[in-house]
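My questions will all concern the structure given below.
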Amino acid sequence: MQIELIGCTSAGKSTLAKKMLTVARQSGIDLQFGDDFVIQQIIKREIHNRILRVFVVDIASFSYCLLSWRQHYKYYFYAFQTIYNLQIKLLKKLNLARNIFKKIGIYEIIRRRASHNQNVLVDEGTLHAAHNLFVSAAEIQNTYDISQFTRLTPFPDITVYLRQDKSALIYRTIKRRHKRIPDNSRRSVERFVNRAVAIFDELAQQPEVNKRLITIQAAGDLEISIENQKNPQITPILDILQSSSNTSSSNGMYYTGIPKPVEKGV
C-alpha cells in the first residue's frame, strides 16, 4: 500500500514521517520510506551516502517514468506545458521537471513492486506535485485547475494531509527559508503560504482525493473519509498516525468535511 504525505511547507511532514517509521518498527508493522524501498528494489542493499542515494533514485525513477509513458502521457504533457509557462529561469524549470517526473517514477516502482502486505510512505509524492506546479511567491499567479490536475495524476492508496495554522506556517517558513521565496520577506512568505494552503484545501475537496484522505488538523484531530473507514488495511496506518502525531481521542476520528464525531457501528 502506498501512503503519501501532503501539506504546506513547514507543516511538519518530514518530522511526522520519521515518527511514523519509528512507531511502525516498534509495533512490528512493515513500513518503509519511498526512497529506501526504491533503493532496495534496485540495488538490493542499503545506501547511506546521500549523493549516491539521490543518483540511484533519480536513475531508477526516470527509467520507470519512461516505462509508464503510455499510462501517463497526458499528465506528462500537462506538466510540461505548466512548467513551460512558469516565469522562472530555464535551469529551475529543468529541475522542477526532474522532480515532477521523479515522483511518477517512484509511484510506479512502488505500485509494481510492493507486495500486498507492504506499506510504503512517500513524503511529497504525485499529489504534492500540485505545490510544485502551482505555488509561487510571485505577485502575479499562474492560473491553475485542480480538477484537471487530479484527473491526470495517479493517486496513492492513502493520502495524509497535514494541516497547520497559517501563523505557524509563516513563522516556520521565514525561519527555515525557502528557495522559491528569494527575498524571504514576510509579505512574500504570507503570499506563498496562503497560496499553498488554498491549493491543498482545494485538492482535499476533490472527490477522488477525498475518498482516500486522512487529515490531521492543527489541533490534533484526525479526520478520515467514509470510504477509507471501509478499507481494512487502514487500521494499522491509523494506529501509527495516532501514536506519531499525538492525535486527540476519546474518539478522535471524524468524517472528513462533517463536523460530528464518527458514531460507533457506522
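The values are calculated or read from the model by the stated rules, or taken from the named source; none is laboratory data. Just so you know, these numbers come straight off a predicted model, no measurement behind them. Positions of Cβ are generated from backbone atoms using ideal geometry, with glycine treated the same way; all protein chains shown enter the neighbour counts. For accessibility, only protein heavy atoms count, side chains too; no ligands or nucleic acids. Shrake-Rupley method; radii C 1.70, N 1.55, O 1.52, S 1.80 Å.
For F134, state whether it is open to solvent by 30 Å² or more (accessible area, probe 1.4 Å) and within 22 Å of A196 (Cα to Cα).
Taking the combined requirement at face value, the residue does not satisfy it.
Which one of D239, D201 is within 17 Å of L5 (Cβ to Cβ), out of contact with any Gly (no Cβ under 9 Å at 6 or more places or on another chain) and open to solvent by 70 Å² or more (accessible area, probe 1.4 Å)?
After applying the criteria, what remains is D239.
If you don't mind, another one. Which condition does I158 not pass, out of (1) touching a strand residue (DSSP E or B) at 6+ places or on another chain (Cβ under 6 Å); (2) at pLDDT 95 or above; (3) closer than 25 Å to Q205 by Cα, if it passes all the others?
Here I158 clears every test but (2).
Report whether or not A17 is within 30 Å of S167 (Cα to Cα), outside any helix (DSSP H, G or I), of a type outside the set (D, E) and open to solvent by less than 70 Å² (accessible area, probe 1.4 Å).
Values: within 30 Å of S167 (Cα to Cα): yes; outside any helix (DSSP H, G or I): no; of a type outside the set (D, E): yes; open to solvent by less than 70 Å² (accessible area, probe 1.4 Å): yes.
In short, no.
Mind listing just one residue for me: the one in the range 24-39 that is assigned to a helix (DSSP H, G or I) and at pLDDT 95 or above and, of those, surrounded by the fewest Cβ atoms within 10 Å (Cβ to Cβ)?
At the first step, the residues of the range 24-39 found to be assigned to a helix (DSSP H, G or I) are 24-27, 34-39.
Now drop any that are not at pLDDT 95 or above, which leaves 34-39.
On the way: G34: 25, D35: 19, D36: 16, F37: 23, V38: 27, I39: 20.
Only one residue tops the list, namely D36.
Which members of the range 201-224 meet the condition of being touching a Leu at 6+ places or on another chain (Cβ under 9 Å) and touching a residue at least 60 places away in the same chain (Cβ under 8 Å)?
L203, V209, I216
Can you pull out the residues in the range 58-102 that are aliphatic (A, V, I, L, M) and over 21 Å from F155 (Cα atoms)? Show your work before the answer.
At the first step, the residues of the range 58-102 found to be aliphatic (A, V, I, L, M) are 59-60, 66-67, 79, 83, 86, 88, 90-91, 94, 96-97, 100.
Within the range 58-102, I59, L86, I88, L90, L91, L94 meet the criteria.
Now, a different point. Return yes when N210 is at positive phi and open to solvent by less than 40 Å² (accessible area, probe 1.4 Å) and no when it is not.
Working: at positive phi: no; open to solvent by less than 40 Å² (accessible area, probe 1.4 Å): yes.
Here the answer is no, as N210 does not meet what is asked.
Would the range 145-158 turn up any residue that is on the phi < 0 side of the Ramachandran plot, loosely packed, with under 15 Cβ neighbours inside 10 Å, not basic (K, R) and not in a helix (DSSP H, G or I)?
yes
One residue is enough: does the range 45-53 have a residue meeting the conditions among the aliphatic types (A, V, I, L, M) and surrounded by fewer than 14 Cβ atoms within 10 Å (Cβ to Cβ)?
Yes, there is a match, as at least one residue in the range 45-53 is among the aliphatic types (A, V, I, L, M) and surrounded by fewer than 14 Cβ atoms within 10 Å (Cβ to Cβ).
Shifting gears a bit: Within the range 187-196, is even one residue surrounded by 14 or more Cβ atoms within 10 Å (Cβ to Cβ), within 30 Å of I234 (Cβ to Cβ) and of a type in the set (K, R)?
no
Could you name every one of the strands (runs of 3 or more DSSP E) located completely within the range 162-266 that has at least 3 residues being modelled with pLDDT of 85 or more and touching a strand residue (DSSP E or B) at 6+ places or on another chain (Cβ under 9 Å)?
213-216, 222-224
Being assigned to a helix (DSSP H, G or I), in contact with a Ser or Thr (Cβ under 9 Å, 6 or more places away or on another chain), among the charged types (D, E, K, R) and in contact (Cβ under 8 Å) with a residue 40 or more places away in the chain, is that true of even one residue in the range 40-60?
Within the range 40-60 (the criterion being assigned to a helix (DSSP H, G or I), in contact with a Ser or Thr (Cβ under 9 Å, 6 or more places away or on another chain), among the charged types (D, E, K, R) and in contact (Cβ under 8 Å) with a residue 40 or more places away in the chain), the answer is no, since none of the residues qualifies.
Let me ask something else. Given the conditions (1) in contact with a Gly (Cβ under 9 Å, 6 or more places away or on another chain); (2) open to solvent by 10 Å² or more (accessible area, probe 1.4 Å), report the number of the one that S225 does not fulfil.
(2)
Cβ-Cβ under 6 Å, sequence separation 6+ or interchain: first residue in the range 177-196 and within 21 Å of Y144 (Cβ to Cβ), partner open to solvent by 10 Å² or more (accessible area, probe 1.4 Å) and not in a helix (DSSP H, G or I). Which pairs?
H178/T9; I181/A137; S188/A137; R191/A137; F192/A137
In the range 70-101, what count of residues is obtained for those that are open to solvent by less than 70 Å² (accessible area, probe 1.4 Å), closer than 18 Å to I181 by Cβ and in a helix (DSSP H, G or I)?
4
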